[in-house]
Amino acid sequence: MERTLRRLGATSALLLCAAVTPAAFADGTSWTDGPVVNVVFVRTVDGHFDDYMKWLATAWKKQEEALKKAGLITSYRVMVGEPRNPHDADIYLVTEYKNWAALDGVGGKMDSVSAQLEGSLQAANTAEADRAKIRTVLGSETMQVANLK
C-alpha cells in the first residue's frame, strides 16, 4: 500500500511538472519585458506634408529632446509610410519609455515641459489646435517590446 502511495505521489508530481511547464513559458521565460512604445498615427492634409515635417524637425524635435533630457522618454523617431487608403496614417510618431511605470503621472510632467517650451500651457494648447489645419491625429497605440531570449 505504501509503495502504491509513493508511486501515485511520484506520478502526481510528474503530471504537475508537465502541467506547469507551458505556464512557465507563458509567464515570460522565453522573453523579457522590453521598453514601452507609444505610436501616434498621423495623416497630413493634402499639400501639407512638408509643412508638418518642418514642424516635426523643429518644435517637436525640441520638445522630444527636452523630454529625453528630463528622463521622461528614452528615445523617439518619425516614420513615414505609404497610406493604403484615405483613413491610413502617412506619419508615425514613435516614442519609447523605459517601462510602464514611466507612464505614471507622465501627462502632467509633459505639460510642464510643453509650458516651458511654449511659454505657457495655454500657448501649447493653441499651437496644438493650429496644427489641426495641416494634420489629423488618427489615434495611437501603446505596447511593450518583447525581447526574445
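The values are calculated or read from the model by the stated rules, or taken from the named source; none is laboratory data. Predicted model, so just to flag it, every value in this text is computed and none were measured. Cβ: placed from backbone, ideal geometry, glycine included. Neighbour counts: every protein chain shown. These accessible areas exclude ligands, DNA and RNA; they are computed on the full protein's heavy atoms, side chains included. Shrake-Rupley method; radii C 1.70, N 1.55, O 1.52, S 1.80 Å.
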Search result, residues across the range 27-74 that are surrounded by 13 or more Cβ atoms within 10 Å (Cβ to Cβ) and of a type in the set (Ser, Thr, Tyr): 44, 52, 74
Where residue 142 falls short, out of the listed (1) among the polar types (S, T, N, Q); (2) under 22 Å from residue 37 (Cβ atoms); (3) open to solvent by 70 Å² or more (accessible area, probe 1.4 Å): (3)
Residue 9, sole failed condition from (1) modelled with pLDDT of 95 or more; (2) surrounded by fewer than 12 Cβ atoms within 10 Å (Cβ to Cβ); (3) not hydroxyl-bearing (Ser, Thr, Tyr): (1)
Any chance residue 103 is more than 22 Å from residue 36 (Cβ to Cβ), of a type in the set (A, V, I, L, M) and open to solvent by 40 Å² or more (accessible area, probe 1.4 Å): no
Qualifying residue in the range 113-134 (condition: at pLDDT 95 or above, touching a Lys or Arg at 6+ places or on another chain (Cβ under 8 Å), open to solvent by less than 40 Å² (accessible area, probe 1.4 Å) and under 18 Å from residue 50 (Cβ atoms)): no
Condition check for residue 99: of a type in the set (S, T, N, Q) and modelled with pLDDT of 95 or more: yes
Flag if residue 89 is more than 14 Å from residue 42 (Cβ to Cβ), surrounded by 15 or more Cβ atoms within 10 Å (Cβ to Cβ) and of a type in the set (A, V, I, L, M): no
